[in-house]
Amino acid sequence: MKDPSYIDIQGGPDYVFKVLRHAIRGYQLNVHLNGQSRKGYILALIAVLTGRLAFRPTLVTFHGGLSQAFFPRLDSTALRWAFQVLFNLAGGIACDSLPIKEAIANYGVRPEKIETIETFSAQYLEFRNVPLAEEIEAFLRSHDPVLFCYVSFRPEYRLEMLREAMARFREHSPRAGFIWLGFPAKELPGVQQFVQDWSAAEQQSLLLVGNLTHDQFLTLLSRSHICVRTPACDGVAASVLESLALGIPVVASENGRRPVGTVRYDENSSADLCSKLVYVSQHYDEIKSKLGPTSDDDNVGRMADWLAGESMPENKREVAHAT
């Protein structure tokens, strides 16, 4: 979609042309990558090859956890070689945490080439409480508890498993409501079709919401009872850290990377997810009392310094506040 706030891409050839044009004009390229998408890998590979051709190696920001479809995959020679080539062509790599840095280094990448910069930063908690759409306000008034589910219409979000857990949980809490949000416009028709054949009771307990502004997102999160995070491939997840910092209990799939305070469940088990939701509901005040901000590091600033090629302090605490 064309918009004056960014450089639009109208297909593959246009992407190649515009990346090459900006590289030749002296721009520093930075490409975002994870281990879940073939298309994402190809786009990243084009960017790092272009950076080398322009004698200004591309910086790669690599996000996601250690349970992704294509990374790490030491059991596949082809996938190992593909990521090894990309990582070594990059001018530098930034990832979320030390375990992911170690996994990247296992691909034959020099450790000093890899920076660890958390995806969560103190500025992300700055927001104004704003009025929400009337359908959201009505849903909040008519359901208790309300569970906040930041999801997408993709297999790794396990929406069918989540549906089963919702049905189980409503046996314990008949007035419970679930808000599924975060769908881009192209995914909304698919998820609407997914739920259209649900029973009336199931549909009444669910509200589908597209993307929200930052203020709307955190306003809704702060008014929710529990945050549910289903994908295991996401690593720590900024939304999990935001929820915990706001004092909202989080029930998330176990992936070995969840932060302290998260209640974990087996990612494939609707029964386990339901049991953890029941547990949090029964011990809500106790769990909530242990949550709150744990870091005031300015990781936005650290990322900006890294992209600009400036030296970075290990903990940058002079936070540049959002405006």
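Quick notes on this structure:
- Residues located in segment 109-127, provided they are without any contact (Cβ under 8 Å) to a residue 60 or more places away in the chain and open to solvent by less than 50 Å² (accessible area, probe 1.4 Å): VAL109, LYS113, ILE114, THR116
- Positions within segment 94-126 being polar (S, T, N, Q) and not in a helix (DSSP H, G or I), in sequence order: SER97, ASN106, THR116, THR119, SER121
- Across segment 200-218, the qualifying residues are those that are among the small types (Gly, Ala, Ser) and in contact with a helix residue (DSSP H, G or I) (Cβ under 9 Å, 6 or more places away or on another chain), and the one among them that is most open to solvent (accessible area, probe 1.4 Å) is ALA201.
- Test: residue in segment 35-43 that is under 21 Å from ALA94 (Cβ atoms), open to solvent by less than 100 Å² (accessible area, probe 1.4 Å), touching a Leu at 6+ places or on another chain (Cβ under 6 Å) and in a loop (DSSP other than H, G, I, E, B): no
- Residue count for segment 128-183 under the criterion of being buried (at least 17 other Cβ atoms within 10 Å of the Cβ), among the β-branched types (Val, Ile, Thr) and more than 17 Å from ALA201 (Cα to Cα): the result is 2.
- Selection status of LEU277, outside any loop (DSSP other than H, G, I, E, B), farther than 17 Å from GLY65 by Cα, touching a helix residue (DSSP H, G or I) at 6+ places or on another chain (Cβ under 7 Å) and at pLDDT 85 or above: yes
- For segment 283-307, a tally of residues being open to solvent by 50 Å² or more (accessible area, probe 1.4 Å), outside any loop (DSSP other than H, G, I, E, B) and modelled with pLDDT of 90 or more returns 6.
- Only one of the numbered conditions (1) of a type outside the set (Val, Ile, Thr); (2) at pLDDT below 95; (3) closer than 23 Å to GLN68 by Cβ is not met by CYS227, and that is (2).
- Matching residues, segment 64-78, being touching a Phe, Trp or Tyr at 6+ places or on another chain (Cβ under 9 Å), open to solvent by less than 60 Å² (accessible area, probe 1.4 Å) and more than 15 Å from ARG258 (Cα to Cα): PHE70, PHE71, PRO72, SER76
- Residues that are in contact with a strand residue (DSSP E or B) (Cβ under 6 Å, 6 or more places away or on another chain) and either among the acidic types (Asp, Glu) or more than 18 Å from GLY256 (Cα to Cα) (or both) within segment 92-112 comprise GLY92, ILE93, ALA94, listed in sequence order.
The values are calculated or read from the model by the stated rules, or taken from the named source; none is laboratory data. What you see is a predicted model, and the numbers here were worked out from it, not measured in a lab. With ideal geometry, Cβ positions are generated from the backbone for all residues, glycine too; neighbour counts draw on all protein chains shown. When the accessible area is computed, the model is the full protein with side chains, heavy atoms only, and any ligands, DNA or RNA have been set aside. Shrake-Rupley method; radii C 1.70, N 1.55, O 1.52, S 1.80 Å.
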